[in-house]
Ligand SMILES: C[S@@+](CC[C@H](N)C(=O)[O-])C[C@H]1O[C@@H](n2cnc3c(N)ncnc32)[C@H](O)[C@@H]1O
């Protein structure tokens with residue numbers, strides 16, 4: 001029941017529970033266009049390749065599945081600390097973190113949701129426009145979601161408790177989060193500055209066994225550069241694991257020199273056995289589940305879709321890249337029985 005609830009929640013956060021979904025894309029000149037996706041067209045959402053018109057997260061189902069597994073893993077392994085997302089937009093990924101914790105009885109851990117809640121600082125706009133000057137402010141407005149709206153998404157789904165919002169640009173807010181202990185850090189600020197600032201402030205507090213997730217490593221050069229530089233400067237050698245075509249993560253294996261003084265969460269973790277069972281269920285299965293079988297069928301259909309999408313991209317519909325298409329093909333091949 002727990003897994004079924006979280007699966008349904010993820011579909012709902014991605015706006016994939018209905019028969020169609022609204023999708024927002026950028027034209028070559030940066031202007032936004034929206035269209036309805038029906039049937040197989042909705043598969044782009046599965047892999048987080050579009051901006052949802054109404055959905056509460058743009059990261060897609062594959063990244064949400066992985067995020068859930070990471071949360072289950074840190075609870076199951078009793079990795080100390082809170083969980084934080086830096087760059088939350090409408091809040092969907094953070095809602096899943098809170099929901100997964102609650103489903104495991106780990107209510108005492110706090111989810112920190114850091115965002116300007118008014119989009120990107122203008123000085124960093126080049127990070128999402130590829131350096132182009134846009135005539136249209138629509139992409140920035142689309143990415144600016146006010147705090148009250150995000151708070152409302154949490155409460156509508158029943159997640160008012162155990163959430164701390166950190167409103168403001170990272171330049172101002174990140175120093176206030178230094179010295180805390182983290183079990184999971186999710187970075188989704190896209191630009192070099194946002195990625196660098198959040199790494200510097202948060203990574204020293206990541207507990208051994210905790211996860212550092214970077215949403216855009218595979219797709220935004222500036223984000224990748226910030227991560228590579230930081231890892232090299234800090235001598236971080238834990239291998240990068242590919243989450244999907246865009247996202248990577250690593251799990252901390254050794255403590256760094258800078259240790260936070262914030263206390264670990266008090267008391268034993270409730271339902272740890274549940275959490276350990278959940279992790280074991282999800283990672284050890286050799287026989288594909290119904291859902292994996294369904295996914296295989298969907299991915300089969302995707303290959304055809306991407307061939308058509310490439311033609312469409314050439315006509316100016318943004319978002320579908322050759323890199324993403326090849327990742328999907330690889331995933332489909334990997335999942336073949
Ligand atoms: C790609 S969106 C995040 C997507 C989100 N994680 C999801 O689940 O859909 C990037 C977010 O980072 C925020 N952001 C970017 N740079 C920032 C900065 N310097 N300070 C604060 N927020 C920033 C934007 O406001 C935006 O909400």
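General observations
- Enumeration of residues in region 15-33 that are in contact with a strand residue (DSSP E or B) (Cβ under 8 Å, 6 or more places away or on another chain) and surrounded by 15 or more Cβ atoms within 10 Å (Cβ to Cβ): 15, 21, 22, 23, 24, 25, 26, 32
- Test set (1) in contact with a helix residue (DSSP H, G or I) (Cβ under 7 Å, 6 or more places away or on another chain); (2) on the phi > 0 side of the Ramachandran plot; (3) not assigned by TED's automatic domain parsing to the domain that holds residue 100 - residue 39 fails condition number: (1)
Residues are listed down the side, and each one gets a yes or a no for (1) farther than 21 Å from residue 203 by Cβ; (2) surrounded by fewer than 23 Cβ atoms within 10 Å (Cβ to Cβ); (3) near the ligand (Cβ under 9 Å from one of its atoms):
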position: 61; (1), (2), (3): yes, yes, no
position: 65; (1), (2), (3): yes, yes, no
position: 71; (1), (2), (3): no, no, no
position: 85; (1), (2), (3): no, no, yes
position: 93; (1), (2), (3): no, no, yes
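To keep it simple, each residue is scored yes or no on (1) in a loop (DSSP other than H, G, I, E, B); (2) surrounded by 20 or more Cβ atoms within 10 Å (Cβ to Cβ); (3) more than 14 Å from the ligand (Cβ to nearest atom).
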{"site": "152", "(1), (2), (3)": "no, no, yes"}
{"site": "165", "(1), (2), (3)": "no, no, no"}
{"site": "176", "(1), (2), (3)": "no, no, no"}
{"site": "183", "(1), (2), (3)": "no, yes, yes"}
{"site": "190", "(1), (2), (3)": "yes, yes, no"}
{"site": "193", "(1), (2), (3)": "no, no, no"}
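- Filtered residue count, region 133-159, keeping only those that are touching a helix residue (DSSP H, G or I) at 6+ places or on another chain (Cβ under 8 Å) and at pLDDT 95 or above: 4
- Cβ-Cβ contacts under 6 Å between residues 6 or more apart (or on different chains), taken from a first residue in region 136-152 that is under 20 Å from residue 23 (Cβ atoms) to a second residue that is modelled with pLDDT under 90 and assigned to a loop (DSSP other than H, G, I, E, B), are listed as 136/30; 136/31.
- Residue selected from region 206-229 under the condition touching a residue at least 12 places away in the same chain (Cβ under 8 Å) and more than 16 Å from the ligand (Cβ to nearest atom), by the criterion surrounded by the fewest Cβ atoms within 10 Å (Cβ to Cβ): 208
- Some residue of region 167-174 being assigned to a loop (DSSP other than H, G, I, E, B) and under 14 Å from residue 120 (Cβ atoms): yes
- Within region 46-129, helices (runs of 4 or more DSSP H) holding 3 or more residues that are closer than 25 Å to residue 253 by Cα: 60-76, 92-103
- Condition check for residue 201: in the same structural domain as residue 106 (by TED's automatic domain parsing), in a helix (DSSP H, G or I) and closer than 20 Å to residue 111 by Cα: yes
The values are calculated or read from the model by the stated rules, or taken from the named source; none is laboratory data. Please read these numbers as outputs of a predicted model, since none were measured by experiment. Methodologically, a virtual Cβ is constructed for each residue, glycine included, from the backbone with ideal geometry; neighbour enumeration extends over all protein chains shown.
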